[in-house]
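As C-alpha cells, the structure follows; a few thoughts come after it.
The values are calculated or read from the model by the stated rules, or taken from the named source; none is laboratory data. Just so we're clear, the structure is a prediction, and the values are computed from it rather than from any experiment. Cβ placement follows ideal geometry from the backbone for every residue including glycine, while neighbour counts extend to all protein chains displayed. Only protein heavy atoms, including side chains, enter the accessible area calculation; ligands, DNA and RNA are left aside. Shrake-Rupley method; radii C 1.70, N 1.55, O 1.52, S 1.80 Å.
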Amino acid sequence: CHDLNGELHEFGSSWSNEDCYDCSCSEHGISCCSSFMTPVDYDEEKCVSIFNKETCTYKVVEKDDASKQCPVHGWVG
C-alpha cells in the first residue's frame, strides 16, 4: 500500500501518521481512523478548541484567558 505521502507499507502493517490517524494496510487497501477525540459540545462563543499534534489531543480553553479550561459535554472520535 502507498499512503498519501507515497510511502510504501506492507500488507498487515499498522502505523500512526503525522496527522494523528491510526492506519493499516491490507490487500483491500489502506484504512485510517482518528486516534483522538474531538470536542463537540461546549460554549463556542466563550471558548476555543486547540489541537496539540505532539500529544494528539484537544483542549478547550476560554478565548480571553487560555489558562482557564472550559467544560466539554460531548466528544466524538
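Some points to look at:
- On a per residue basis, the stretch 1-54 carries 75 Å² of accessible surface, using protein heavy atoms and a 1.4 Å probe.
- For the stretch 8-15, the Karplus equation 6.51 cos²θ - 1.76 cosθ + 1.60, evaluated at θ = phi - 60°, returns couplings of 8, 10, 6, 4, x, 8, 9, 7 Hz by residue, with Gly and Pro reported as x.
- Ranking F11, F51, F36 from most to least accessible surface, computed with a 1.4 Å probe over the protein chains only, gives F11, F51, F36.
- If you take all other residues with their beta carbon under 10 Å from the beta carbon of C1, and give Lys and Arg +1 and Asp and Glu -1, the sum is -4.
- Sequence-distant contacts, meaning Cα pairs under 8 Å at least 6 residues apart, place the relative contact order of the chain at 23 percent.
- Solvent-accessible area of the chain (1.4 angstrom probe, protein heavy atoms only): carbon and sulfur portion equals 47 percent.
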